[in-house]
Amino acid sequence: MSNESALPSNWVISASPHIRAAESTPRIMWSVVACLVPAAIWGAYVFGLWALYVMFMSVATCVATEYVCNRIRGRAPTIADGSAVVTGLLLAFVLPSHTVVSRTLADGSAISVLAPLDWKVPVFGGIFAIGVVKHCFGGLGHNIWNPALAGRAFVQLSFLRHVSPAAWPWPMGAPDAVTGATSLSKTSDAFFSVRDLFFGWCPGCIGEVSAFLLLIGAVYLIAKGYVDWRLPLGYMVSLVAFATLFAILSADRQPAWVRLYVQQVSAFRTGAIGFGELSGHWLTFCGRELFSGGLMLGALYMATDMVTSPLSPRGQAYFGIGCGLLTALIRAFSGMPEGVCYAILLMNTVRPYIDMISRPRVLGERKEKKP
């Protein structure tokens, strides 16, 4: 072979794909951690230092479990890539900082007070998320379900008394104060303004209460191309559309603020209020649906997980619409006040099918006609 036909020394012969980028898994994961830091600081501020303890226990457990699993499997340590830290932080974000316990007074009467969250909740949740959901399926890039959400579902079933959303801590509330129900509770008449829900002055889990800070981080991830905007947008639009429909169909099973909106719809039908006033009530209804519970955290950071979400842009849109539909169904017709966790896990399960039906056609490929 002549020198002219020889390949340059800096050429690399490899299998496809041949596109190279400066981004890497550690860079993406640590960027996600950085975007979550503002919400973590806010959680520690409004719920107290015990929120930091829950975050530390969750992250430390996930990192330790990652190390042990890699040693057992004979793999090189992957702690530095940041994936275990992201899982631990997201798991802590969907856990409360305190829990409600019953205490007996000297006169024999019982009262409910707040106590710090039991250490077993973040520890066993982290072990399940990394050890079972992630490494039992082959490690990073092979897991079917989002590890943090699967860990949350596990501790909710195993430690229901500790993580029940019926009574979560209020921001700046004293540890010995009795908590109130969240805005999604179907047995409470508590109302929270859209402003309070958006900025994070409401009961909830550590990292999901401030939609404002979560949005700030998500804007950066979308701008960098780490998150496809179609998925969270499809999730939110779908949730609002189906929640509006289901509110009318199942008003008696919904929270008090949903029943109030249905009353306004009835007033509009009778001519008691005009379309403009109804539109204002509907926007308030939409704000409460979007900013209550873990919707913003789930739509922006959980459902968009690169491993467990579809590959194509069209598949991302399908995935988001399905998450919104399932969340609205669970909130409206089940006994659970929140549906984000299980909606995303169910859509994770059918993700391979979504990839199949949304696969882009190969350039030049002809669709075969059935006889």
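Some notes on this structure:
- Evaluated at q = 0.15, 0.28, 0.29, 0.32 Å⁻¹: base-10 log I(q)/I(0), Debye formula over Cα of region 270-314: -0.59, -0.95, -0.97, -1.04
- When you count the other C-beta atoms within 10 angstrom of each residue and take the mean per peptide, 87-94, 42-49 line up highest first as 87-94, 42-49.
- Cα-centre dipole for region 25-357 with unit charges at Cβ (Lys and Arg positive, Asp and Glu negative), debye to 20: 560 debye
- Cα pair distances of region 25-357 binned at 10 Å [whole percent]: 6, 26, 34, 23, 8, 2, 0, 0
- Here region 29-73 and region 228-286 have alpha carbon centers that stand 36 Å from each other.
- Shown in residue order for region 328-333 are the 3J(HN,Hα) couplings computed by the Karplus curve 6.51 cos²θ - 1.76 cosθ + 1.60 at θ = phi - 60°: 5, 5, 5, 5, 8, 10 Hz (x for Gly and Pro).
- Length gained when the stretch ASP196-THR349 is fully extended (0.36 nm per residue, less Cα-Cα span): 51.7 nm
Read-outs: derived from the displayed coordinates by stated rules, not from any lab. Since the structure is predicted, the reported quantities are computational estimates derived from the model, not experimental observations. We place every Cβ from the backbone using ideal geometry, glycine too, and count neighbours over all the protein chains shown.
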